[in-house]
Amino acid sequence: MGVTLKDVAEKAGVSTSAVSRTFTEGASVSAKTRAKVERAAKALGYSPNALASSLTTGRTKLIGLVSNNFHNPLFLEVFDRFTRGLQDRGLRPLLVNLTPQETDPEATIRMLRQYSVDGAIVASSTLPPTYSEAFRAAGIPVVNSFGRFSTAPQVHVVGIDNVACGRMAAEALIARGYRRVAFLGGPENATSTQDRALGFLAALREHPEIDVSVSYARAYSFDAGRVEMTKQLMQGRAEAYFCGDDVLSIGALSAVQEAGLRCPEDVGIIGLNDMEMSSWQNINLTTIRQPVAEIIGASIDLVVDTVESPARHPETRLFPCRVIERGTLRPVTEPRQT
């Protein structure tokens, strides 16, 4: 048998209710009693039962972490930072792994209710805004991390301006003197793909002398990027590509090398995210850095605040991105002297 609350009470010389109050957040207990209970608990190796505590407080300290992107290597960093960040706040994640095709939130909401989560974080840049909005309608405090920018969000959104990132990628290619460029995006129905393409094409409309083409991969994955780039090379390649994210970019880079071409001498590539492997020497990908740590920290802060104040007005928090110069684009073209 494990050490019980009664054992701690007897060793500390206090009532069981005093022990219970000591380990109940926000409960009233004197400093003297707290010190006696904590000494007794440490001596006996007692840890309070989280499930029993939740019956008293009405809080499970569980936060649903929902994503349809666990297959993406970037999510290893996302998962690591989310779990450690939640644990540092005395919380625990309940993982929900969606298939890329899942867009109906009802099954997830039922499961999260079964476990009585205190709140939820939807970590996805591809799900439609209505997915997270369904959580709020069900009474679950929710934050959409890496979500779609909106000036009037229905739920808390933390992420980047994907339209601005698309424009940033276009400007990087323009500055390097490319005259045939292409957008190689992820799934066409993904909100992040749509917004990145929107910004990219809008910037290039200001440069009618540049030829632009658009194509979409079936998923944000290495294989999908490789397949789509192979198809583009067979049809007549562009000089440079803005790929929808780093995983697509690395797949595209593999296809370029398999075709006997060089990057950046024959084909230039710029990605988005700046995940760890993008800096590996054999990849050396020029990309746009998404500030993942800041996004996750803000998401955790918001979900904790929303659990405490469910009526809090939804807000959008955006973090700036920047180009990380590596080796898959040629150098910036110097302006001609007149």
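None of the figures in this text is laboratory data; all of them are computed from the coordinates on show. Keep in mind that this is a model prediction, so the values were computed, not measured. Counting neighbours? That spans all protein chains shown, and the Cβs are built from the backbone with ideal geometry, glycine included.
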- Note on the structure: Residues meeting the amide H criterion for ILE269 (H placed from the backbone, H to H distance under 5 Å, 5 or more places apart or on another chain) are TYR241, LEU329
- Note on the structure: In deg cm²/dmol, rounded to the nearest 500, the helical mean residue ellipticity at 222 nm of the chain, built from -39500 (n - 2.57) for every DSSP H run of length 4 or more, is -13000 deg cm²/dmol
- Measure nothing but the geometry: give the 0 to 90° angle between the long axis through the Cα atoms of 292-308 and the longest principal axis through the Cα atoms of the chain, rounded to 10°. 40
- Message: Between helix 246-258 and the chain, what is the angle of the helix's C-alpha long axis to the longest principal axis, kept within 0 to 90° and rounded to the nearest 10?
- Response: 40
- Fewest to most Cβ atoms within 10 Å: THR130, THR151 sort as THR151, THR130
- Query: What percent do you get for the relative contact order of the chain when only Cα pairs under 8 Å and 6+ apart count?
  - Reply: 15
- Note on the structure: The exposure ranking of MET168, MET111, fewest beta-carbon neighbours within 10 Å first, is MET111, MET168
- Item | Ranking of MET275, MET229, MET234 by count of other Cβ atoms within 10 Å, fewest first | MET234, MET275, MET229
- Can you run the Rg to Rh ratio on the chain? Use alpha carbon positions and the Kirkwood inverse-distance Rh. 1.12
- Message: Quick check: Cα centre of the stretch 121-158 to Cα centre of the stretch 78-120, how many Å?
- Response: 13
- According to a simple spin-label model (label point 7 Å from Cα along Cα-to-Cβ), what is the distance in nm between LEU261 and SER215? 0.9
